[in-house]
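Below you'll find the structure, written out as structure tokens, and then a few comments.
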Amino acid sequence: MIEVRNINKSFDKLNVLRDVSLTITDGEMLTIVGPSGAGKTTLLQIIGSLERPDSGSVCFDGIEITRLKDSKLAAFRNRNMGFVFQFHQLLPEFTLEENVALPALISGTRRSEAINKAGRLLDELGLGQRLHHRPSQLSGGERQRAAVARALINNPKVILADEPTGSLDSHNRAELYRLFFDLRTATGKTFVIVTHDDTLALNSDRVIRMEDGIIL
């Protein structure tokens, strides 16, 4: 589904990724582990087209997304990729329902349809009583589940998660693990997750270990 070929990336004089190649299959749950500074997040951002490599390519279902112009790339990303970050990145001025609906609104979905879909997703994730709350009124675990709903709103082919449990306590970490695995079973979506958490890594289909900008 995703082919990463000979990716190199530097920031100033720091080589963050060095000739990295990786194939990710449809429906796989892949975790990327390694020490801080290994290049994990940069690789995830390049896979998700949030960052462009200095050289190399990323192909998504046969489309070389590294060649797309910014506007087409943004539209492709919106349709095909969902993102979950360490911190939920919910907008404080919007309700939970509005936050989750945002990617659908950006894609051109009618507001009423986007809001209804967001409500259904939040209800499925156990947040049906929180639709009109703002992020500050929710627990950390609830906010992260809402971030997962937002990632799912456009029915993307792949979910990319960067340390999604990093800000959660042990109970909420376990709940989020269960949610990811349940979603993969129910939907067959591909998950690519950067994590320091051995429990999540050990239960994934495959673990990629990185160090000093290379895959070991």
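I'm checking my understanding of the structure. Among residues of region 1-28 that are part of a loop (DSSP other than H, G, I, E, B) and open to solvent by 80 Å² or more (accessible area, probe 1.4 Å), which one is modelled with the highest pLDDT?
Out of the qualifying residues, it is ASP26.
Condition first: modelled with pLDDT of 85 or more and farther than 30 Å from MET1 by Cβ. Now tell me which residues in region 130-157 satisfy that.
ARG130, LEU131, HIS132, HIS133, ARG134, PRO135, SER136, GLN137, LEU138, SER139, GLU142
Determine, yes or no, whether LEU102 is buried (at least 16 other Cβ atoms within 10 Å of the Cβ), of a type outside the set (Val, Ile, Thr) and assigned to a helix (DSSP H, G or I).
yes
What single numbered condition from (1) buried (at least 21 other Cβ atoms within 10 Å of the Cβ); (2) under 30 Å from ALA201 (Cα atoms); (3) modelled with pLDDT of 90 or more fails to hold for LEU127?
Condition not satisfied by LEU127: (3).
Just one of (1) touching a residue at least 24 places away in the same chain (Cβ under 8 Å); (2) loosely packed, with under 15 Cβ neighbours inside 10 Å; (3) touching a Leu at 6+ places or on another chain (Cβ under 7 Å) trips up ARG111, so point out which.
Only one criterion is unmet by ARG111, namely (1).
Got a number for residues in region 178-206 being surrounded by 17 or more Cβ atoms within 10 Å (Cβ to Cβ) and under 12 Å from MET29 (Cβ atoms)?
12
Does SER55 count as farther than 19 Å from PHE191 by Cβ, touching a residue at least 24 places away in the same chain (Cβ under 8 Å) and of a type in the set (Gly, Ala, Ser)?
In short, yes.
Could you please find all residues in region 77-99 being surrounded by 16 or more Cβ atoms within 10 Å (Cβ to Cβ) and either part of a helix (DSSP H, G or I) or among the aromatic types (Phe, Trp, Tyr) (or both)?
ARG77, ASN78, ASN80, PHE83, PHE85, LEU96, GLU97, GLU98, ASN99
The values are calculated or read from the model by the stated rules, or taken from the named source; none is laboratory data. In this text the structure is predicted, and so the values were computed from the model without any measurement. Using ideal geometry, Cβ is built from the backbone for each residue, glycine included, and neighbour counts are taken over all protein chains shown. Just so you know, the surface numbers come from the protein's heavy atoms only, side chains and all, with ligands and any DNA or RNA stripped out. Shrake-Rupley method; radii C 1.70, N 1.55, O 1.52, S 1.80 Å.
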